[in-house]
Amino acid sequence: MRSRLAKRLLALVALAAWAGTLAALAFFAVQHAVEAVASLALTALALGAALYALVRRGFMRWSGIAIAVLAVAGAIVLLVGDGALVTLVVYVVAVGVASVATGLALRPSGRPPGWAHLPAPGRAVLLMNPRSGGGKVGRFHLPDECEKRGIEPIVLSAGDDLRALALAAVKGGAGALGMAGGDGSQAIVAQVASEQDVPYVCVPAGTRNHLALDLGVDRDDVVGALDAYGPDGLERRIDLATVNGSVFVNNVSLGVYATIVQSDRYRDDKVGTTLRMLPELLGPHATPFDLRFAEPGGDQHISADLLMVSNGPYRLDRLFGMGSRPRMDSGELGVVAVGIDNPAQAAEFLALESTGAAHRFPGWRSWTTPAFVVDSEGPIPAGVDGEALALEPPLRFATRPGALRVRLSPHHPGRSPAASKPPSAPAAVRELGHAAFGRAPAG
């Protein structure tokens, strides 16, 4: 009862705050119409100039940056001089309050269907990469925490064969395998666990931990993830995906991103490397990527600037930074292809990407399929679960439905952010109305 009352109050706050954002925008439009139009025009100019600079070099890049800075300064002078800045601050605060209240009011209670309490799997083994995530294994004292729980820790050393160690652990009687490391390492251990039909535990000790996010593992509770091995642990089956027979758990990226991550400098200087390489990849003299594939309807493509194949479809607003998957047991691959014909389109795509609306770009295509093939004349640079590889064509992607038994800590949510949010703004408003005026959101 108390929880329902809290959700109702939060929903009322969210609705009131969203109404406040509309009121602030209306007031701004009426009282500062000229300044609003001028500042929006300057902001658009600044964004366009900045994006133009991204795909140019030398003098043209610095010219774009200078125009962007001057346009932003002009917009600020207009708003401050007329007192409109106060209205914008009110708007920004209202949006912040509304967003937080909406997230809390619509946060599902309980765990989604599919998870079941199953007995502890016997001898438990956790493989650990001490270098992943800036040294999370050591920082969270995972070997000691494992020993407290009766879990056998295996800490990798330089040159160790992770797959061989995982196979040896199962041959030695392990009833469950886990991995504390990045998503590339997670995929290797998950493949062994699937082949040997033993449960798998994902411990979020990498940098981004995208797999953990979509499984519903609390990425801030690294030690708590070990409770998945215990008698109260939860279990379910999820899909795996393969490219030319090798398992990936998240996605394979081809095109611009995959080419950038091949650079030796990328790990140490992601932003700088990206800025240096974008002009040659999307600029006026860029060479089209040799990526040949077909859509389900039969349309043939000979190139794509961005191509992503995922283990289950993502709910995406942008490609860089990614989204999350509502479920990992759909039995399908997700495919997103983006074609960019010229620098102007590159700027348009990057503008939409920056505002979370990349899916509205005219060159965006997305679909689901159980299998997918990409061909090329030579080796294809690829980012496979974040690892930079070169793969021999043709690339044959396939899904393996229900291939992996996954265990989860009973204290973790068991659902991804995409599974926790309404699919659209109108749906969110409807759920807020139900929560505020008579019915709590579905759990």
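Evaluate segment 105-113: report whether one residue or more is closer than 30 Å to Gly433 by Cβ, open to solvent by less than 50 Å² (accessible area, probe 1.4 Å), of a type outside the set (Lys, Arg) and assigned to a helix (DSSP H, G or I). Looking through segment 105-113, at least one residue is closer than 30 Å to Gly433 by Cβ, open to solvent by less than 50 Å² (accessible area, probe 1.4 Å), of a type outside the set (Lys, Arg) and assigned to a helix (DSSP H, G or I).
Evaluation of Met308 against the conditions (1) part of a loop (DSSP other than H, G, I, E, B); (2) under 20 Å from the mean Cα position of the chain (by Cα); (3) of a type in the set (A, V, I, L, M, F, W, C) shows that the sole unmet condition is (1).
Kindly indicate which of Gly245, Gly173, Gly230, Gly216 is under 23 Å from Ala398 (Cα atoms), modelled with pLDDT under 95 and not acidic (Asp, Glu).
Details: Gly173 fails: under 23 Å from Ala398 (Cα atoms); Gly230 fails: under 23 Å from Ala398 (Cα atoms); Gly216 fails: under 23 Å from Ala398 (Cα atoms).
After applying the criteria, what remains is Gly245.
Among the listed residues Gly272, Gly255, which satisfies the condition of being open to solvent by less than 20 Å² (accessible area, probe 1.4 Å), of a type outside the set (A, V, I, L, M) and at pLDDT below 80? Among Gly272, Gly255, only Gly272 is open to solvent by less than 20 Å² (accessible area, probe 1.4 Å), of a type outside the set (A, V, I, L, M) and at pLDDT below 80.
Can you tell which of Gly150, Gly122 is touching a Gly at 6+ places or on another chain (Cβ under 7 Å) and on the phi > 0 side of the Ramachandran plot? Give the derivation first.
Numbers: Gly150 fails: touching a Gly at 6+ places or on another chain (Cβ under 7 Å).
Result: Gly122 is the single residue among Gly150, Gly122 that is touching a Gly at 6+ places or on another chain (Cβ under 7 Å) and on the phi > 0 side of the Ramachandran plot.
For the condition crowded, with 19+ Cβ neighbours inside 10 Å, in contact with a strand residue (DSSP E or B) (Cβ under 7 Å, 6 or more places away or on another chain) and at pLDDT below 95, Gly184 qualifies.
Kindly establish whether Arg149 is touching a residue at least 24 places away in the same chain (Cβ under 8 Å), touching a Leu at 6+ places or on another chain (Cβ under 6 Å) and among the basic types (Lys, Arg). Talk me through it step by step, then tell me what you get.
On the way: touching a residue at least 24 places away in the same chain (Cβ under 8 Å): yes; touching a Leu at 6+ places or on another chain (Cβ under 6 Å): yes; among the basic types (Lys, Arg): yes.
Yes.
Pairing each residue of segment 287-314 that is over 26 Å from Arg400 (Cβ atoms) and of a type outside the set (S, T, N, Q) with any residue that is open to solvent by 10 Å² or more (accessible area, probe 1.4 Å) and assigned to a strand (DSSP E or B), provided the two are 6+ apart or on different chains, yields C-beta distances under 6 Å for Ile302/Arg292.
Among Leu15, Leu10, Leu25, which is in contact (Cβ under 8 Å) with a residue 60 or more places away in the chain, of a type in the set (A, V, I, L, M), open to solvent by 70 Å² or more (accessible area, probe 1.4 Å) and under 17 Å from Val429 (Cβ atoms)? Even if it seems obvious, please write down each step before you answer.
Numbers: Leu15 fails: open to solvent by 70 Å² or more (accessible area, probe 1.4 Å); Leu10 fails: open to solvent by 70 Å² or more (accessible area, probe 1.4 Å).
Answer to the selection: Leu25.
Out of Gly178, Gly255, one residue alone is of a type outside the set (Ser, Thr, Tyr) and over 24 Å from Ala382 (Cβ atoms). It is Gly178. Considering segment 114-139, and only residues there that are buried (at least 20 other Cβ atoms within 10 Å of the Cβ), more than 24 Å from Leu404 (Cα to Cα) and not small (Gly, Ala, Ser), the residue that is farthest from the chain's Cα centre (by Cα) turns out to be Val137. Can you name every residue in segment 240-288 that is in a strand (DSSP E or B) and in contact with a strand residue (DSSP E or B) (Cβ under 6 Å, 6 or more places away or on another chain)? Leu240, Ala241, Thr242, Val243, Val247, Phe248, Asn251, Val252, Ser253, Leu254, Gly255 - these are the residues of segment 240-288 that are in a strand (DSSP E or B) and in contact with a strand residue (DSSP E or B) (Cβ under 6 Å, 6 or more places away or on another chain).
Let's see how each residue does on (1) hydroxyl-bearing (Ser, Thr, Tyr); (2) surrounded by fewer than 19 Cβ atoms within 10 Å (Cβ to Cβ); (3) under 24 Å from Asp385 (Cα atoms); (4) in contact (Cβ under 8 Å) with a residue 12 or more places away in the chain:
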| position | (1), (2), (3), (4) |
| --- | --- |
| Leu333 | no, no, yes, yes |
| Ala347 | no, no, no, yes |
| Ala357 | no, yes, yes, yes |
| Thr368 | yes, yes, yes, yes |
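For segment 73-91, filtered to residues that are within 30 Å of Leu275 (Cβ to Cβ) and either outside any helix (DSSP H, G or I) or at pLDDT 80 or above (or both), the residue that is most open to solvent (accessible area, probe 1.4 Å) is Ala73.
Scan segment 206-227 residue by residue and report those that are within 20 Å of Ser420 (Cβ to Cβ), among the small types (Gly, Ala, Ser) and buried (at least 22 other Cβ atoms within 10 Å of the Cβ). Correct list: Ala212, Gly216, Ala225.
Of all the residues that make up segment 147-163, how many are within 15 Å of Met128 (Cα to Cα) and either of a type in the set (Lys, Arg) or open to solvent by 50 Å² or more (accessible area, probe 1.4 Å) (or both)?
Here is the first cut: in segment 147-163, the residues within 15 Å of Met128 (Cα to Cα) are 147, 151-163.
Retained after the next criterion (residues that are either of a type in the set (Lys, Arg) or open to solvent by 50 Å² or more (accessible area, probe 1.4 Å) (or both)): 147, 152, 155, 157-161, 163.
The total comes to 9.
For segment 46-58, state whether one or more residues are at pLDDT 75 or above, over 13 Å from Pro343 (Cα atoms) and open to solvent by 50 Å² or more (accessible area, probe 1.4 Å). The answer is no, given that none of the residues of segment 46-58 is at pLDDT 75 or above, over 13 Å from Pro343 (Cα atoms) and open to solvent by 50 Å² or more (accessible area, probe 1.4 Å).
The values are calculated or read from the model by the stated rules, or taken from the named source; none is laboratory data. Keep in mind that this is a model prediction, so the values were computed, not measured. Positions of Cβ are backbone-derived with ideal geometry, glycine not excepted, and every protein chain shown enters the neighbour counts. Just so you know, the surface numbers come from the protein's heavy atoms only, side chains and all, with ligands and any DNA or RNA stripped out. Shrake-Rupley method; radii C 1.70, N 1.55, O 1.52, S 1.80 Å.
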